[in-house]
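Colleague: I'd like to ask some things about the structure below.
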Amino acid sequence: MLVDDRPGYRMTFLVEQTFDGEIDRDAFEIGVTEASQRHPLLCAFVKRRWFGGWKWISAGDARPAIDWGTLDQPVNYPAETGIDLAREIGVRFYARVGKGQSRLVTQFHHSCCDGMGAIQFLSDLFAGYTRHLYPNAEKHPEYQPVKPTDLLHRADLQVHRDTTMPWFRLFLRTLAYAWKYGIHAPMPLARAAANTESNTPLAYPGTLTRTLSPSVQRSLRQVARRCDVTVNELLVRELMLTLRDWNQRHTTVKANDQISIMVPTNLRNLDHDHMPAANVMGSVAFQRSLTEMTDTDKLLASIKEESQFYKKWRYGAAVLDGLKVLRWVPGSLRFILNRNRSISTAMLSCIGDPSLAISAIFPVNVDGNPVFGNLVFADLNTAPPIRPLSHASFTTWYYSNKLRLGVRCDSAVFTQEAAQVLIDMYADRVVAVAAKAAERRDADRVAA
């Protein structure tokens, strides 16, 4: 992530939280201090070693930047949205408070932590916040146990070795992947045709979301059970078909053109249970030619088979092991990352329900929303990073039994209107899959 960071494509991500209630400034700043002390990588700088490479060093008394404002005051991000870890801690805050509500945007450098690490850090922040705000309360939210020395072993990922698959067979399959993903570069997302009547620039961070009804989530689970797949595998298929439809609409395509979706994977194991916030993510890819996408049932079956292989072998960890080898060849990683070719058409991060991890630490109200002292957690949004020639990064998550679909688009390629059409195309496909399940359910009831 540090090597991949570059102007216009910063390896940072945003987490936006909204609350009922107004953030207490003094308690919040104390919570930031408490959390920073518990998570070393979010209270550190990087320093280049004399023989090359980088190392973490303590930031001492330095603390994250906090930008305060009223609720009606927009967040004005700096022209340079990156975080220089050589001079700045890898987390920033933008807090907007007033009229009985609060909005908090937290920016993280991906070298310091991933989404799960961000939830760890923010949970400890609001634990400290609540403890300071109500020091005499009968019960305080517990800090999560952390062992900073576990950070030394965050790369011990224990790649699984399945005795049912000989190493030679694994080698052949890996070779096939390398050929498919290395030789046949995927298509980037096409630029939408300009519309002179609606051409609004896409402002940073370029994120749009769609919230689907609880019935959609229930129906998707039914479809997944009937097809013997996971909901995430369904979402991968529908996104792949969305990207195909988008490119067919906006550029010339050929039958052997490739669509690829890169999916981040959480590589934590039991040895990481008490590790502070860090980035312990790998990634896998699903790549298909347009010809392979004509039969949607076969496409889903192939995604399921590939997904099971990735999980069985913890393939995301194997990919990181490959990157370790590249570190011994000076400049090789930078050369691969800086090539003028697409690594994936888009990314898809499947987050799950972040409120479950939060509500395990904090009390909840009658609606099931976590309570942080004088604040009631109302909603969450996120903006993952994007890479050159991977012009969109999608996110799916659940909150209050509703499926949320989000996309962050490259503002150099997409207008506001084009980005809205893209997320609507994806959402419409997902809703259509759920609607078919509802129609089948209704037909079964009539037949009964």
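The values are calculated or read from the model by the stated rules, or taken from the named source; none is laboratory data. Remember, predicted model here, so these are calculated numbers, not experimental data. Cβ atoms come from the backbone with ideal geometry, glycine included; neighbour counts cover every protein chain shown. Side chains included, ligands, DNA and RNA excluded: accessible areas come from the protein's heavy atoms. Shrake-Rupley method; radii C 1.70, N 1.55, O 1.52, S 1.80 Å.
Colleague: Look through the range 241-257, keep the residues that are among the β-branched types (Val, Ile, Thr) and touching a helix residue (DSSP H, G or I) at 6+ places or on another chain (Cβ under 7 Å), and return whichever of them is surrounded by the most Cβ atoms within 10 Å (Cβ to Cβ).
Modeller: If we take residues in the range 241-257 being among the β-branched types (Val, Ile, Thr) and touching a helix residue (DSSP H, G or I) at 6+ places or on another chain (Cβ under 7 Å), then 242 is surrounded by the most Cβ atoms within 10 Å (Cβ to Cβ).
Colleague: Report whether or not residue 117 is over 29 Å from residue 54 (Cα atoms) and crowded, with 21+ Cβ neighbours inside 10 Å.
Modeller: No: the conditions fail for residue 117.
Colleague: Do we find a residue being open to solvent by less than 20 Å² (accessible area, probe 1.4 Å) and at pLDDT below 95 anywhere in the range 421-432?
Modeller: The answer is no, given that none of the residues of the range 421-432 is open to solvent by less than 20 Å² (accessible area, probe 1.4 Å) and at pLDDT below 95.
Colleague: Give just the number: which of (1) assigned to a strand (DSSP E or B); (2) at pLDDT below 95; (3) within 22 Å of residue 203 (Cα to Cα); (4) of a type outside the set (Ser, Thr, Tyr) does residue 55 not satisfy?
Modeller: (3)
Colleague: Could I ask something else about it? Can you tell me how many residues within the range 387-429 are more than 14 Å from the chain's Cα centre (by Cα) and either over 21 Å from residue 82 (Cβ atoms) or assigned to a helix (DSSP H, G or I) (or both)?
Modeller: Total meeting the criteria: 20.
Colleague: What pairs come out if I take residues in the range 47-66 that are closer than 14 Å to residue 330 by Cβ and pair them with residues that are of a type in the set (Lys, Arg) and open to solvent by 90 Å² or more (accessible area, probe 1.4 Å) whose C-beta lies under 7 Å away, six or more apart or interchain?
Modeller: Here the result reads 54/47; 54/48, each pair linking the range 47-66 to a residue that is of a type in the set (Lys, Arg) and open to solvent by 90 Å² or more (accessible area, probe 1.4 Å).
Colleague: Within the range 360-371, is there a residue that is part of a strand (DSSP E or B), farther than 26 Å from residue 246 by Cβ, among the β-branched types (Val, Ile, Thr) and touching a Pro at 6+ places or on another chain (Cβ under 6 Å)?
Modeller: Yes, because at least one residue in the range 360-371 is part of a strand (DSSP E or B), farther than 26 Å from residue 246 by Cβ, among the β-branched types (Val, Ile, Thr) and touching a Pro at 6+ places or on another chain (Cβ under 6 Å).
Colleague: Give the residue, chosen from 224, 193, that is at pLDDT 90 or above and either more than 23 Å from residue 384 (Cα to Cα) or assigned to a helix (DSSP H, G or I) (or both). Give the steps one after another, and end with the answer.
Modeller: Numbers: 193 fails: at pLDDT 90 or above.
Of the residues listed, the single one that is at pLDDT 90 or above and either more than 23 Å from residue 384 (Cα to Cα) or assigned to a helix (DSSP H, G or I) (or both) is 224.
Colleague: Can residue 332 be described as within 21 Å of residue 115 (Cα to Cα) and either exposed (fewer than 15 other Cβ atoms within 10 Å of the Cβ) or touching a strand residue (DSSP E or B) at 6+ places or on another chain (Cβ under 7 Å) (or both)?
Modeller: Criteria not met by residue 332.
Colleague: When residues of the range 1-23 are filtered for being within 24 Å of residue 367 (Cβ to Cβ) and either buried (at least 19 other Cβ atoms within 10 Å of the Cβ) or out of contact with any Gly (no Cβ under 9 Å at 6 or more places or on another chain) (or both), how many remain?
Modeller: Residues that pass the stated criteria total 6.
Colleague: Exactly one of these conditions fails for residue 27: (1) more than 27 Å from residue 116 (Cβ to Cβ); (2) at pLDDT 95 or above. Give me its number.
Modeller: All conditions pass for residue 27, except number (1).
Colleague: Select from the range 270-281 the residues that are within 19 Å of the chain's Cα centre (by Cα), open to solvent by 10 Å² or more (accessible area, probe 1.4 Å) and among the hydrophobic types (A, V, I, L, M, F, W, C) and list them in ascending order.
Modeller: Once the filter is applied, which keeps residues that are within 19 Å of the chain's Cα centre (by Cα), open to solvent by 10 Å² or more (accessible area, probe 1.4 Å) and among the hydrophobic types (A, V, I, L, M, F, W, C), the range 270-281 yields only 281.
Colleague: Of the residues 120, 158, which single one is at pLDDT below 90, outside any strand (DSSP E or B), within 30 Å of residue 41 (Cβ to Cβ) and of a type outside the set (Asp, Glu)?
Modeller: Exactly one of 120, 158 is at pLDDT below 90, outside any strand (DSSP E or B), within 30 Å of residue 41 (Cβ to Cβ) and of a type outside the set (Asp, Glu), namely 158.
Colleague: For residues that are surrounded by 16 or more Cβ atoms within 10 Å (Cβ to Cβ), in a loop (DSSP other than H, G, I, E, B) and out of contact with any Ser or Thr (no Cβ under 9 Å at 6 or more places or on another chain), tally how many sit in the range 76-110.
Modeller: Selection size over the range 76-110: 2.
Colleague: Could I ask something else about it? Out of curiosity, is residue 265 more than 18 Å from residue 426 (Cα to Cα), β-branched (Val, Ile, Thr), without any contact (Cβ under 8 Å) to a residue 24 or more places away in the chain and open to solvent by 10 Å² or more (accessible area, probe 1.4 Å)?
Modeller: no
Colleague: Another question, if that's okay. Assess whether residue 284 counts as being in contact with a Phe, Trp or Tyr (Cβ under 9 Å, 6 or more places away or on another chain), surrounded by 17 or more Cβ atoms within 10 Å (Cβ to Cβ) and part of a strand (DSSP E or B).
Modeller: yes
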